[in-house]
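Before any comments, here is the structure.
Every read-out reported here was derived from the displayed coordinates using simple, explicitly stated rules and does not represent laboratory data. Here the structure is a predicted model, which is why all the values come from computation and not from measurement. Heads up, the Cβs are rebuilt from the backbone with ideal geometry, glycines too, and the neighbour counts pull from every protein chain shown.
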Amino acid sequence: MSVQTMRKIKKIISRIKLSVIKKLIYINTSFYMFHFTKYLKRIGINVIGIPKFISSDVYFDGKDYSLITLGDNITISREVMFLTHDYSINVVNGANGNFVRRLKGEKYTINPITIGDNVFIGARVSLLPGSKIGNNCIIGACSVVKGNIPDNSIVIGNPCRIIKKIDSFENQLENHKISIHEED
């Protein structure tokens, strides 16, 4: 068998393992998280510490998994996208008369994505190449993140913007302006 065939077989086996791991979420969340975190490390994602929860349908850009770093005690909700590459430069080149066919000669940019410790990322957030989220941040659902998000920030929107700092949100919690429920 050729090296290329072996790579394809390995990729298929990896996909099968991932689909089995993703089913574990319906059985036991802790068991799922243990095995999913182990899988993410095995494919090259830098997992620092222990994630609280990562949804089974998060999309991690496969261009180079080692460009993605996940901090300790993070929560990543459903359908979040981690995009480390961008092919849009080909449109610019094409507009300048340097049109390139698919794959051969295509150019792209590639930049890391880093998530700090104690971060919550809401559903359907898009993290673009070069994004860096600091510690103790909340990223609101459907936000598009590009660039640096400072520590202790709450951000929402497309493009995302800081709407408040964690300490002002904490004050709201202390004054009971927000209804709080606890898991059993």
- Would you work out which of Gly49, Leu24, Asn73 lies farthest towards the positive end of the dipole of the chain, given +1 charges on the beta-carbon of Lys and Arg and -1 on that of Asp and Glu, about the Cα centre? Leu24
- Message: Rounding to the nearest 10 and keeping the result within 0 to 90°, find how far the Cα-based axis of helix 3-23 lies from the longest principal axis of the chain.
- Response: 20 degrees
- Query: What length, rounded to one decimal in nm, is gained on full extension from Glu183 through to Ile9, with 0.36 nm per residue of separation minus their alpha-carbon distance?
  - Reply: 58.4 nm
- Query: Under 15 Å from a point 7 Å along the Cα-to-Cβ line of Ile48: which residues of the stretch 100-141 have their amide N that close?
  - Reply: 112-120, 131-137
- Query: Using the alpha-carbon atoms, what tilt in degrees (0 to 90, nearest 10) does helix 29-42 show relative to the longest principal axis of the chain?
  - Reply: 40 degrees
- Item | 15 Å beta-carbon shell around Pro129, net charge (K/R +1, D/E -1) | +1
- Candidate aspartates and glutamates - alpha carbon under 12 Å from Lys107, same-chain residues fewer than 8 apart omitted: Asp86
- Among bridges DSSP assigns within the stretch 1-135, what percent are antiparallel (round to 5)? 10 percent
- Using 0.36 nm per residue, how much length does the chain from Thr69 to Tyr108 gain when fully extended, once their Cα-Cα distance is taken away? 12.0 nm
- Note on the structure: In deg cm²/dmol, rounded to the nearest 500, the helical mean residue ellipticity at 222 nm of the chain, built from -39500 (n - 2.57) for every DSSP H run of length 4 or more, is -8500 deg cm²/dmol
- Note on the structure: Quick P(r) readout (the chain; Cα-Cα; 5 Å bins; whole %) gives 2, 7, 13, 17, 17, 15, 12, 8, 5, 2, 2, 1, 0, 0
- Task: Compute the signed sum of charges (Lys and Arg +1, Asp and Glu -1) over the other residues within less than 11 Å, Cβ to Cβ, of Lys52.
- Result: -2
- Message: I want the local charge near Lys38. Using Cβ-Cβ distances under 15 Å, sum +1 for each Lys or Arg and -1 for each Asp or Glu among the other residues.
- Response: +4
- Message: Greater than 19 Å separation of Cα atoms is the criterion. Which listed pairs, Lys17/Lys38; Lys17/Lys132; Lys22/Lys52; Lys38/Lys146; Lys10/Lys38, meet it?
- Response: Lys17/Lys132; Lys38/Lys146
